[in-house]
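Structure first, commentary second.
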Amino acid sequence: MHRSHQLNDADVAAADVVVCLAAEHVAYMRRTHPEAAAKTVTLRRLVRDLPPATGATFGERLASLGLSEVELDPAEDVEDPAGGDLPVFRTRAREIHELIDLLVPELGDGEARDEEIA
């Protein structure tokens, strides 16, 4: 059974990428886990900027983004629904789902993955 827990050093070390929903979360990671700055990114930036899989590994593609040096942009945030009503939460969930739908095909090696995702 999965249980949530506070992010720890082992989680960060084991991660290929740390995906955040807001620029402030990336800033937090840069402060508390500077060794992970090159693999910490907002979901929106990852969807927008990850180069296509043209023979490069995911790690190489991620490294090409220069994430530890990139200027953080609050326009990349997925708005926090805290304090909102159910429609606000549903809107944010739909937004995250749509971003993930765009990202998943880009995570592979460029081959069709529909059969793996279905």
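The values are calculated or read from the model by the stated rules, or taken from the named source; none is laboratory data. Predicted model only: the values in this text are computed from it and were never measured. Every residue, glycine among them, receives a Cβ derived from its backbone with ideal geometry; neighbour counts consider all protein chains shown.
For the stretch 58-65, the condition holds for no residue, the condition being that it is closer than 22 Å to V104 by Cβ, of a type in the set (A, V, I, L, M, F, W, C), surrounded by 18 or more Cβ atoms within 10 Å (Cβ to Cβ) and touching a residue at least 60 places away in the same chain (Cβ under 8 Å). Considering the stretch 63-109, the residues that are small (G, A, S) and within 21 Å of K39 (Cβ to Cβ) include one that is modelled with the lowest pLDDT, namely G108. Considering the stretch 26-56, and only residues there that are modelled with pLDDT under 95 and more than 17 Å from V104 (Cβ to Cβ), the residue that is surrounded by the most Cβ atoms within 10 Å (Cβ to Cβ) turns out to be A56.
The single residue among A23, A14 that is of a type in the set (G, A, S), modelled with pLDDT of 95 or more, out of contact with any Leu (no Cβ under 6 Å at 6 or more places or on another chain) and at negative phi turns out to be A14.
The residues of the stretch 14-25 that are surrounded by fewer than 20 Cβ atoms within 10 Å (Cβ to Cβ), within 20 Å of L102 (Cα to Cα) and either within 10 Å of the chain's Cα centre (by Cα) or without any contact (Cβ under 8 Å) to a residue 24 or more places away in the chain (or both), listed by number, are V17, V18, V19, L21, A22.
Filter the stretch 80-90 down to the residues that are surrounded by 13 or more Cβ atoms within 10 Å (Cβ to Cβ) and either part of a helix (DSSP H, G or I) or touching a helix residue (DSSP H, G or I) at 6+ places or on another chain (Cβ under 7 Å) (or both) and list them by number. Matches in the stretch 80-90: P81, V88.
Kindly list, by first and then second residue, each pair from a residue in the stretch 1-13 that is part of a helix (DSSP H, G or I) to a residue that is surrounded by 10 or more Cβ atoms within 10 Å (Cβ to Cβ) and modelled with pLDDT of 95 or more, limited to pairs with Cβ atoms under 6 Å and residues at least 6 apart or on different chains. So the pair list comes out as V12/H33; V12/A36.
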